[in-house]
Amino acid sequence: MRFFARREPVKGIAPDDTISAERAHVRRAFVKAWIPADAVGAELGVYKGHFSKILLDVARPRELHLVDPWFNLTNEWGWGEGNNSTIDALINILRYFKPEIEAGTVRIHVGDDLDVLERFDDGSLDWVYIDSSHAYAHTLAELEVLKRKVRPAGVIAGDDWRPDPNAKHHGVYRAVQQFIAENDYEVVHTGAYGQWAIRRRGEA
Ligand SMILES: C[S@@+](CC[C@H](N)C(=O)[O-])C[C@H]1O[C@@H](n2cnc3c(N)ncnc32)[C@H](O)[C@@H]1O
């Protein structure tokens, strides 16, 4: 008979304990201004849930879909300080958001966002926040799917608006620029800490 060592639970990591207070403040203000309240939305790229917590606190979503492959993509995600294990990140998210998950307000989707989004009905999302691969081609693919999945008056927003071609995450800016050039969307906000939002034209 094999015995397995009892696994100690990972020490609780509050989702916002490695994020600067200023960044959290800016992101809270962004959510208040641009993410529709009491609505159905999704965060693409969740990691430890720093921003998920802000979305939940400020936008009070009716349903918040958290989409990330976590351990299916990589064992460690090299962003932020401290424990970078994607398994621990997910465990802590399940623990931290347990009341909201049990209530059905927070829904966890472990997988590639392009696959996960296809399971949603067209027009079923009021808003989506993109903070995933930051790669040009993948971001463009996300936007193309979101064109169908986000309702016409909805908001597509995200992190890491970097117009400098030498910036690490410039691919997001490039993809959004190409997307709005080819579709009937416009940039409605860009601001501190790389926050951005786009919307269909005429849907103010
Ligand atoms: C910068 S972190 C997200 C941080 C989080 N939004 C926050 O502000 O606290 C990026 C995350 O995107 C996820 N990611 C990478 N490729 C993805 C994909 N194809 N679909 C969904 N998530 C992806 C990674 O696993 C990682 O957890």
Selection from region 110-141 of residues that are out of contact with any Gly (no Cβ under 9 Å at 6 or more places or on another chain), of a type in the set (Asp, Glu) and either at positive phi or not in a loop (DSSP other than H, G, I, E, B) (or both): ASP115, GLU118
Within region 109-133, considering residues that are within 12 Å of the ligand (Cβ to nearest atom) and of a type in the set (A, V, I, L, M, F, W, C), the one surrounded by the most Cβ atoms within 10 Å (Cβ to Cβ): VAL128
Residues being near the ligand (Cβ under 9 Å from one of its atoms) and part of a loop (DSSP other than H, G, I, E, B) - total across region 32-49: 5
Failed criterion for SER52 (all others in (1) assigned to a helix (DSSP H, G or I); (2) out of contact with any strand residue (DSSP E or B) (no Cβ under 6 Å at 6 or more places or on another chain); (3) small (Gly, Ala, Ser) hold): (2)
Those residues of region 84-109 which are at positive phi and free of Cβ contacts under 8 Å to residues at least 12 places away in the same chain, in sequence order: none
Residues that are within 9 Å of the ligand (Cβ to nearest atom) and in contact with a strand residue (DSSP E or B) (Cβ under 7 Å, 6 or more places away or on another chain), drawn from region 76-108: THR86
Subset of region 52-75 [within 11 Å of the ligand (Cβ to nearest atom), in contact with a Pro (Cβ under 8 Å, 6 or more places away or on another chain) and at pLDDT 95 or above]: SER52, LEU55
Candidate set from region 139-174 (those that are away from the ligand (no atom under 13 Å from the Cβ) and among the small types (Gly, Ala, Ser)); member that is surrounded by the most Cβ atoms within 10 Å (Cβ to Cβ): GLY154
Residues of region 80-100 satisfying the condition of being within 17 Å of the chain's Cα centre (by Cα) and either among the hydrophobic types (A, V, I, L, M, F, W, C) or exposed (fewer than 15 other Cβ atoms within 10 Å of the Cβ) (or both): GLY80, ALA89, LEU90, ILE93, LEU94, PHE97
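The values are calculated or read from the model by the stated rules, or taken from the named source; none is laboratory data. Because the structure is a prediction, the values reported are computed rather than measured. Ideal geometry is used to build each Cβ from the backbone, glycine not excepted, and the neighbour counts take in all protein chains shown.
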